[in-house]
């Protein structure tokens with residue numbers, strides 16, 4: 001008798017069924033827009049002028065890089 005682990009409803013040779021895109025994708029897109037919007041506010045406006053300039057630029061770059069990273073992960077996850 002062959003012992004099987006994990007999900008029993010999938011056959012070994014079948015490809016896993018894709019989940020339909022739903023609220024995870026929508027929430028992911030909203031969060032990406034928030035991260036990139038924060039980066040824009042920090043880098044190109046005077047909205048956060050009470051912070052030191054170097055802190056604003058570092059935080060803006062971190063938000064921009066993380067927003068792009070999340071966008072890449074969302075794009076790869078949708079395939």
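The values are calculated or read from the model by the stated rules, or taken from the named source; none is laboratory data. None of the values given here were measured: they were computed from a predicted structure. Because the Cβ atoms are built from the backbone with ideal geometry, glycine has one as well, and the counts that use them run over all protein chains shown.
Overview of results
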item	result
Region 59-79, residues that are in a helix (DSSP H, G or I) and exposed (fewer than 13 other Cβ atoms within 10 Å of the Cβ)	65, 69, 72, 73, 75, 76, 77, 78
Residue within region 41-53 that is closer than 20 Å to residue 75 by Cβ, modelled with pLDDT of 95 or more and either surrounded by fewer than 12 Cβ atoms within 10 Å (Cβ to Cβ) or out of contact with any strand residue (DSSP E or B) (no Cβ under 9 Å at 6 or more places or on another chain) (or both) present	no
